[in-house]
1. Of these, V127, V132, V139, which one is assigned to a strand (DSSP E or B), free of Cβ contacts under 8 Å to residues at least 40 places away in the same chain and farther than 18 Å from G188 by Cβ?
2. Filter segment 23-49 for residues that are hydrophobic (A, V, I, L, M, F, W, C) and free of Cβ contacts under 8 Å to residues at least 40 places away in the same chain and give the result.
3. Looking only at residues that are farther than 20 Å from P159 by Cβ and part of a strand (DSSP E or B) in segment 100-118, which one is nearest to the chain's Cα centre (by Cα)?
4. Listed residues F8, F45; which is surrounded by fewer than 21 Cβ atoms within 10 Å (Cβ to Cβ) and aromatic (F, W, Y)?
5. V120 passes all but one of (1) closer than 14 Å to I165 by Cβ; (2) touching a residue at least 40 places away in the same chain (Cβ under 8 Å); which number fails?
6. Consider L14 against the criteria (1) under 23 Å from D171 (Cβ atoms); (2) surrounded by fewer than 21 Cβ atoms within 10 Å (Cβ to Cβ): it satisfies all of them except one. Which criterion is unmet?
Amino acid sequence: MHLRAAIFDLDGTLLDSLHDIGAAMNHALESQGLPVHPLAAYRHFVGEGVQVLVSRAVPVDRAELHAPVLATYRAFYAEHMRDHTRPFPGIPEVLARLADEGVKLAVLSNKPDAATRRLVAELLPDVRFGAVYGERAGVPRKPDPTAALGIAAELGVEPGDCAFIGDTGVDMETARAAGMYGVGVTWGFRVVEELQTHGARVLARTADELLQALVGARRSVTRP
């Protein structure tokens with residue numbers, strides 16, 4: 001692998017955001033008289049966009065409430081997305097080190113684009129990202145590789161020279177579909193078996209392990 005760029009998922013990979021996502025959705029459910037879910041349940045609800053999040057949180061026999069739940073969720077989350085959300089331990093240092101090593105950095109999330117950009121700008125303000133994208137109209141969500149391949153082109157890097165780092169099977173499928181090197185992180189929202197089943201090439205259990213894997217790949221091809 002000729003590592004020149006690293007594209008990161010956001011929720012569960014760079015940011016520990018589950019509490020705020022779950023709290024916002026539970027608020028939206030309560031507003032419509034619907035049952036709420038324990039925060040741990042949201043580990044399996046997130047990752048495929050806000051529409052899918054709503055469909056998983058709302059009871060199957062109350063589909064007519066998707067629209068009001070979604071509207072309430074968006075409004076509440078916009079006000080509370082930073083209440084508890086923070087970078088995972090060691091992540092800012094990993095990103096800074098990769099940038100110092102000359103690795104181009106990017107973020108690709110299925111979270112709505114505006115929220116993705118805001119959280120990256122406010123919680124990782126010192127990181128030099130070459131591209132930051134969330135879900136955008138007209139661009140298929142992960143695991144479709146379109147957005148990942150577009151980022152690689154924007155960065156001027158061949159897909160095979162990119163690592164795609166994430167915490168879900170969707171991320172690993174994205175990496176595989178884009179011809180990128182899939183790195184699964186185990187501190188996020190899903191289990192190791194999911195990452196392995198969906199094609200993770202390597203697993204990182206800590207930020208230090210992630211850094212070692214990526215910097216090692218970088219140096220293996222830049223060493224004279």
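1. Numbers: V127 fails: assigned to a strand (DSSP E or B); V139 fails: assigned to a strand (DSSP E or B).
It is V132.
2. Restricting attention to segment 23-49, the residues satisfying the condition of being hydrophobic (A, V, I, L, M, F, W, C) are 23-25, 28-29, 34, 36, 39-41, 45-46.
Within segment 23-49, L34, V36, L39, A40, A41, F45 meet the criteria.
3. K111
4. On the way: F8 fails: surrounded by fewer than 21 Cβ atoms within 10 Å (Cβ to Cβ).
Only one candidate qualifies: F45.
5. With (1) closer than 14 Å to I165 by Cβ; (2) touching a residue at least 40 places away in the same chain (Cβ under 8 Å) applied to V120, the lone miss is (1).
6. (2)
Results for (1) under 16 Å from S109 (Cβ atoms); (2) among the acidic types (D, E), shown as yes or no for each residue.
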{"site": "A131", "(1), (2)": "yes, no"}
{"site": "G160", "(1), (2)": "no, no"}
{"site": "G166", "(1), (2)": "yes, no"}
{"site": "E173", "(1), (2)": "yes, yes"}
{"site": "R176", "(1), (2)": "no, no"}
{"site": "W187", "(1), (2)": "no, no"}
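Residues are listed down the side, and each one gets a yes or a no for (1) under 14 Å from E48 (Cα atoms); (2) open to solvent by 70 Å² or more (accessible area, probe 1.4 Å):
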residue: P112; (1), (2): yes, no
residue: A115; (1), (2): no, no
residue: V127; (1), (2): no, no
residue: P143; (1), (2): yes, no
residue: A153; (1), (2): no, yes
residue: D161; (1), (2): no, no
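The values are calculated or read from the model by the stated rules, or taken from the named source; none is laboratory data. Everything numeric here is computed off the predicted structure, so don't read it as measured data. A quick note on method: Cβ atoms are made from the backbone with ideal geometry, for glycine too, and the neighbour counts reach across all protein chains shown. Just the protein is used for accessible areas: all its heavy atoms, side chains included, with ligands, DNA and RNA removed. Shrake-Rupley method; radii C 1.70, N 1.55, O 1.52, S 1.80 Å.
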